[in-house]
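Step one of this worksheet: look at the structure below.
The values are calculated or read from the model by the stated rules, or taken from the named source; none is laboratory data. Model, not experiment: these values are computed from the prediction. Cβ coordinates were reconstructed from backbone atoms using ideal geometry, including for glycine residues, and neighbour counts include every protein chain displayed.
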Amino acid sequence: MTTIYTVGHSNHTLDTLSGLLRMHGINAVADVRSAPYSRFAPHFNKDVLASLLQKVGVGYLFVGSQLGARPNDPACYSNGSVDFSRLSQTDSFQNGLAEIRKVASQLHLSLLCSEKDPILCHRMILICRHLRAEDTTIKHIGENGELEDNRDAERRLLSLLRMAPTDLFRTPEELVEEAYDRQGGRIAYHEEEEVAAGMDVTHL
């Protein structure tokens, strides 16, 4: 059984983030941000973060070009918005998943993005959706270090979307898939979004 962790750097300090990683024995981080830079948290810019992690014995892998939610491929867009379904079917995305699985089979790996809550972040709604497997457990590291199993996060997602966990005409699995689709549409990047006006898109 392989366990893959995820964490959002949120507004943590570097020390707080490294503490969360140490708490769960993480020795490798896969950065899934398309643009690994933040005007609001410059200490999580790619080079700064990689240097810090190296000092505390944690490997750094940037996979945002394959697994980020803001792709350069125009075929991944529909009406100006990223279509997670199209993106997930690209060779680049599938290669990124394969790389994550390979590293996670050898090291204690955590995906890293910026959003604190995984149900608001593409690391769960896009990436973990396609990493789920019978031989894979996914755990989300909360801001206080608590772990949330991905299945529990899915239940929270259903609640957020005001979807019943059971239905007379659909299986629980079908309901969860619909929830992923809905949330993907809600958080997907739109080409007209601007970073100017105080927005920060490092969660993409």
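Out of the residues in segment 22-54 that are among the small types (Gly, Ala, Ser) and touching a residue at least 60 places away in the same chain (Cβ under 8 Å), which is nearest to residue 99 (Cα to Cα)?
Initial filter on segment 22-54 (among the small types (Gly, Ala, Ser)): 25, 28, 30, 34-35, 38, 41, 50-51.
Still in the running and touching a residue at least 60 places away in the same chain (Cβ under 8 Å): 25, 28, 30, 34-35, 38, 41.
Values: 25: 20, 28: 13, 30: 10, 34: 16, 35: 19, 38: 25, 41: 27 Å.
My answer is 30.
Please find, within segment 97-113, the residue that is farthest from residue 185 (Cα to Cα) out of those that are without any contact (Cβ under 8 Å) to a residue 40 or more places away in the chain and of a type outside the set (D, E, K, R).
This residue is 106.
May I ask you to list pairs of residues, at least six apart or on different chains, whose Cβ atoms are under 7 Å apart, with the first in segment 1-21 being farther than 15 Å from residue 118 by Cα and the second being of a type in the set (Lys, Arg)?
That search, which allows pairs on different chains as well, returns 3/139.
In this structure, is residue 154 assigned to a helix (DSSP H, G or I), touching a Phe, Trp or Tyr at 6+ places or on another chain (Cβ under 9 Å) and under 30 Å from residue 11 (Cβ atoms)? Give the derivation first.
Details: assigned to a helix (DSSP H, G or I): yes; touching a Phe, Trp or Tyr at 6+ places or on another chain (Cβ under 9 Å): yes; under 30 Å from residue 11 (Cβ atoms): yes.
When the stated conditions are applied, residue 154 passes them.
If you scan segment 34-60, which residues turn out to be surrounded by 14 or more Cβ atoms within 10 Å (Cβ to Cβ) and polar (S, T, N, Q)?
Those that are surrounded by 14 or more Cβ atoms within 10 Å (Cβ to Cβ) and polar (S, T, N, Q): 34, 38, 45.
Per-residue answers, yes or no, for (1) more than 30 Å from residue 22 (Cα to Cα); (2) of a type in the set (Ser, Thr, Tyr); (3) free of Cβ contacts under 8 Å to residues at least 24 places away in the same chain; (4) surrounded by 20 or more Cβ atoms within 10 Å (Cβ to Cβ):
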| site | (1), (2), (3), (4) |
| --- | --- |
| 136 | no, yes, no, no |
| 149 | no, no, yes, no |
| 156 | no, no, no, no |
| 166 | yes, yes, yes, no |
| 171 | yes, yes, yes, no |
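Quick check: anything in segment 117-130 surrounded by fewer than 16 Cβ atoms within 10 Å (Cβ to Cβ) and either modelled with pLDDT of 95 or more or in contact with an Asp or Glu (Cβ under 9 Å, 6 or more places away or on another chain) (or both)? Quick ask: steps written out before the conclusion?
Start the filter on segment 117-130 by keeping residues that are surrounded by fewer than 16 Cβ atoms within 10 Å (Cβ to Cβ), which leaves none.
No.
Which condition number does residue 31 fail, the rest of (1) at pLDDT below 95; (2) of a type in the set (D, E, K, R); (3) touching a Lys or Arg at 6+ places or on another chain (Cβ under 8 Å) being met?
(1)
Just checking, does segment 3-17 include any residue being closer than 29 Å to residue 182 by Cα, in a helix (DSSP H, G or I), under 15 Å from the mean Cα position of the chain (by Cα) and not small (Gly, Ala, Ser)?
The answer is no, given that none of the residues of segment 3-17 is closer than 29 Å to residue 182 by Cα, in a helix (DSSP H, G or I), under 15 Å from the mean Cα position of the chain (by Cα) and not small (Gly, Ala, Ser).
Among all residue pairs at least 6 apart or on different chains, which show Cβ distances below 8 Å where the first residue, located in segment 57-70, is within 18 Å of residue 118 (Cβ to Cβ) and touching a residue at least 40 places away in the same chain (Cβ under 8 Å) and the second is basic (Lys, Arg) and in a loop (DSSP other than H, G, I, E, B)?
68/33
Looking at segment 61-83, is at least one residue among the hydroxyl-bearing types (Ser, Thr, Tyr), over 22 Å from residue 181 (Cβ atoms) and surrounded by fewer than 17 Cβ atoms within 10 Å (Cβ to Cβ)?
Here is the first cut: in segment 61-83, the ones among the hydroxyl-bearing types (Ser, Thr, Tyr) are 65, 77-78, 81.
Subset that is over 22 Å from residue 181 (Cβ atoms): 65.
This time we only want the ones that are surrounded by fewer than 17 Cβ atoms within 10 Å (Cβ to Cβ), so: 65.
Yes, some residue in segment 61-83 is among the hydroxyl-bearing types (Ser, Thr, Tyr), over 22 Å from residue 181 (Cβ atoms) and surrounded by fewer than 17 Cβ atoms within 10 Å (Cβ to Cβ).
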